[in-house]
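K.L.:
I'd like to ask some things about the structure below.
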Amino acid sequence: DAEKKPTVVFVLGGPGSGKGTQCANIVKHFGYTHLSAGDLLRAEMKSGSENGDGLYVLSCNVLFGHVVWCCVRFWNFYSVCPDLVREHLVILLLVVYRTMIQDMIKEGKIVPSEVTIKLLQKAMQDSGNDKFLIDGFPRNEENRAAFEAVTKIEPAFVLFFDCSEEEMEKRILSRNQGREDDNIETIRKRFKVFLESSLPVVKYYDSKGKVQKVDAAKSVDEVFEVVKVIFTPKDE
Ligand code: UP5
Ligand code: MG
């Protein structure tokens, strides 16, 4: 098929290495759309939670009333109003799904790739663009293989921000954005997951000659100077 595949750059690096900060700069200069997998997951876990949980409580009340009514009448509650029971179960599943994402982020664990890839695909479609910075994904071998299998997209290259844990920890602890995973206990877990699961992905792409490694310990502007050169088309 002649359908043109989008250009994807994976932006990887440890927690607090500056992925989000540098992606914002790249967007301004090079016309990419920035998709942070972490931001998409946080939005998904919050989505509708303002009225969603209210809906869940309401649904529980309606269901309870229905069950009581059926008991009084000696009716089988499922056969009297199956739609009501089914709708309640759907709402219950949504609450479980959001809670699962929230718990995994709080523990620094990697959310199943089915969830992340769905969110990324939807965001890519909604954007109308054909150039994407995918920030903080893939985080393990399974993420990487699943993304390539589902989307048939291989990254143009991988931008890897290399930074010491000491510096990353300092940055995260002074960020103050109210993220539930920005406490020292979760930060340590995130570092461990990064070393054990995410670095192998960088190594994989490095073995294919696709990694652009950047020293991310310098100032934001100094790092961007290096990044800019990587994104500037070279005429040969
Ligand atoms: N800052 C940035 N650059 C600086 C510089 N050069 N000098 C000094 N300060 C600098 O930067 C962090 C802080 O440092 C900011 O205050 C910034 O001003 C300053 P930022 O750009 O936010 O760094 P970033 O690398 O984006 O850090 P982030 O915390 O977002 O990285 P993580 O990889 O930890 O977080 P992410 O949001 O990607 O994932 C969070 C969780 O979601 C994961 O732990 C996981 O549980 C889950 N997740 C998945 O399960 N699957 C996925 O695919 C993605 C996420
Ligand atoms: Mg980020």
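The values are calculated or read from the model by the stated rules, or taken from the named source; none is laboratory data. What you see is a predicted model; the values in this text were computed from it and never measured. Here the Cβ is made from the backbone with ideal geometry for all residues, glycine too, and neighbour counts use every protein chain on show.
K.L.:
With the structure loaded, tell me whether ILE117 is under 29 Å from PHE10 (Cα atoms) and touching a residue at least 40 places away in the same chain (Cβ under 8 Å) or whether it fails that test.
P.N.:
Judged against the criteria, ILE117 is not a match.
K.L.:
Read through the list (1) among the charged types (D, E, K, R); (2) assigned to a helix (DSSP H, G or I); (3) in the same structural domain as LEU195 (by TED's automatic domain parsing), then give the number of the only condition that ASP83 fails.
P.N.:
Just one mismatch for ASP83, condition (3).
K.L.:
Evaluate the following for LEU195: is it in the same structural domain as GLY14 (by TED's automatic domain parsing), within 12 Å of ligand 1 (Cβ to nearest atom) and within 25 Å of VAL223 (Cβ to Cβ)?
P.N.:
no
K.L.:
Yes or no: segment 107-125 includes at least one residue that is of a type in the set (Gly, Ala, Ser), surrounded by 11 or more Cβ atoms within 10 Å (Cβ to Cβ) and assigned to a helix (DSSP H, G or I).
P.N.:
yes
K.L.:
Output the number of the condition that GLN212 fails; it satisfies all remaining conditions of (1) more than 25 Å from LEU41 (Cα to Cα); (2) among the polar types (S, T, N, Q); (3) in a loop (DSSP other than H, G, I, E, B).
P.N.:
Result: GLN212 passes all but (3).
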